[in-house]
Amino acid sequence: MKKMKFNINNVESVNAHLYELKELTNTIDDLLRNVVEPLGNKKWDDITEHERLMTVYQLYRDSGKLTTLLGLMIDKLLDDGKTLEHEITNYYLTRSKKGNG
């Protein structure tokens, strides 16, 4: 019985993207944590108007970074989806040809 083969470069590419996605997620987490951390565990009524405005300002200031990071993540996920779809399709095409041939 012959083993089905995957394109190792595609599999390694997806694996590398998963690592990059983890790093991008950590970066987004750090950005958001820096914005909300100064508020601590205060209840909404305990947060001053100045703190609320500063939080909104910081989110607005960092929105470009967040949008760029999220865009990169989406691009990598879409690329990985296409790669995995290609590999799975090839796997089943090869498998069905063996069964019919």
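Counting only other residues whose beta carbon sits under 13 Å from that of K76, what net charge do I get with K and R as +1, D and E as -1? In short, -3. Taking 0.36 nm per residue of sequence separation and removing the Cα-Cα distance, the Y60/L77 pair yields an extension gain of 3.6 nm.
When the solvent-accessible area of the range 1-98 is split by element, carbon and sulfur atoms take up 59 percent of it, the probe being 1.4 Å. Count Lys and Arg as plus one, Asp and Glu as minus one, and take only other residues whose Cβ is under 11 Å from that of L18; the net charge is then -2.
Heavy-atom accessible surface of the range 8-50, averaged per residue, reaches 79 Å², computed with a 1.4 Å probe. For the options D75, D29, D46, a Gaussian network treatment of the chain with springs between C-alpha atoms closer than 10 Å singles out D46 as fluctuating the most.
The values are calculated or read from the model by the stated rules, or taken from the named source; none is laboratory data. Keep in mind that this is a model prediction, so the values were computed, not measured. All Cβ positions, even for glycine, are placed from backbone atoms using ideal geometry, and neighbour counts span all protein chains on display. Each accessible area value is taken on the protein alone, full model and side chains, heavy atoms only, with ligands, DNA and RNA left out. Shrake-Rupley method; radii C 1.70, N 1.55, O 1.52, S 1.80 Å.
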